[in-house]
1. Name, by its number, the condition in (1) within 29 Å of residue 16 (Cα to Cα); (2) surrounded by 15 or more Cβ atoms within 10 Å (Cβ to Cβ); (3) modelled with pLDDT of 95 or more that does not hold for residue 190.
2. Which ones in the range 5-36 are under 16 Å from the mean Cα position of the chain (by Cα) and either assigned to a helix (DSSP H, G or I) or within 16 Å of the ligand (Cβ to nearest atom) (or both)?
3. Could you give me the residue pairs with C-beta distances under 8 Å whose first residue belongs to the range 90-111 and is at positive phi and touching a residue at least 12 places away in the same chain (Cβ under 8 Å), whose second residue is outside any helix (DSSP H, G or I) and within 11 Å of the ligand (Cβ to nearest atom) wherever it lies, and which are 6+ apart or on separate chains?
4. For residue 84, state whether it is surrounded by 22 or more Cβ atoms within 10 Å (Cβ to Cβ), away from the ligand (no atom under 15 Å from the Cβ) and free of Cβ contacts under 8 Å to residues at least 40 places away in the same chain.
5. Kindly provide the set of residues from the range 227-246 that are within 22 Å of residue 162 (Cα to Cα), touching a helix residue (DSSP H, G or I) at 6+ places or on another chain (Cβ under 7 Å) and more than 14 Å from the ligand (Cβ to nearest atom), ordered by number.
6. Any idea how many residues of the range 197-218 are farther than 16 Å from residue 175 by Cβ, within 11 Å of the ligand (Cβ to nearest atom) and in contact with a helix residue (DSSP H, G or I) (Cβ under 7 Å, 6 or more places away or on another chain)?
Ligand code: 13P
């Protein structure tokens, strides 16, 4: 049984002050929630404060939105896994489509980050997903296979058990245009098939999140699909009540 995992990707939103008021409010909404793993990935500047407020909470884990592929050195503006671990960060989002499209991240770069994250004791959330052009050209399966094989090269079956994959169709991110539950399920089944080719039976244990305009009103139907094990939520995770509603939709599944 794969425990559902709902993660907030705040992207470049939320100051420290906004983070504090979010958490105070959010906690009251999820007090009674059990059986779902919750992750919040704030911007780097809010990680220390959130870490202090969470105090090692088992209910809510801290995530980062990116990291560098070296442990230290002359890499101006970058953050290393050691710096994240010091602040009790447990998850790190890697290869988000915005990083791939706007900041030139390739599968090879993502792969180096995944390897270092795993070696450092961080759990990677590895993002894959096709553009609208690729979907229209009938290339969804091919794109997912290339991204997964490239980003996860060298990852062992054991390491794969602590790795999360997020399927995020680029055309559904921030557009309000969600993949239908059937479209998402089809892509998730393909992701699991490729994972089976990489790590055999362990593929059945890997959690695959859906991301792309997940909202309180569509979360239940997406999370009800057999291969959808959680959600990676952007815009709707900035509002405590709405994000909690998405989490509650996962409890029932
Ligand atoms: P939205 O939920 O805002 O579409 O963002 C999805 C996403 O990119 C999460 O990583």
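The values are calculated or read from the model by the stated rules, or taken from the named source; none is laboratory data. This structure is a prediction, so every number in the text was calculated from the model and none was measured. In this analysis, Cβ positions are derived from the backbone assuming ideal geometry, glycine residues included, and neighbour counts consider all displayed protein chains.
1. Of the numbered conditions (1) within 29 Å of residue 16 (Cα to Cα); (2) surrounded by 15 or more Cβ atoms within 10 Å (Cβ to Cβ); (3) modelled with pLDDT of 95 or more, the odd one out for residue 190 is (1).
2. The answer is 5, 6, 7, 8, 9, 10, 11, 12.
3. Here the result reads 95/127, each pair linking the range 90-111 to a residue that is outside any helix (DSSP H, G or I) and within 11 Å of the ligand (Cβ to nearest atom).
4. Yes; evaluated as a whole, the condition is true for this residue.
5. 227, 228
6. Result for the range 197-218: 0.
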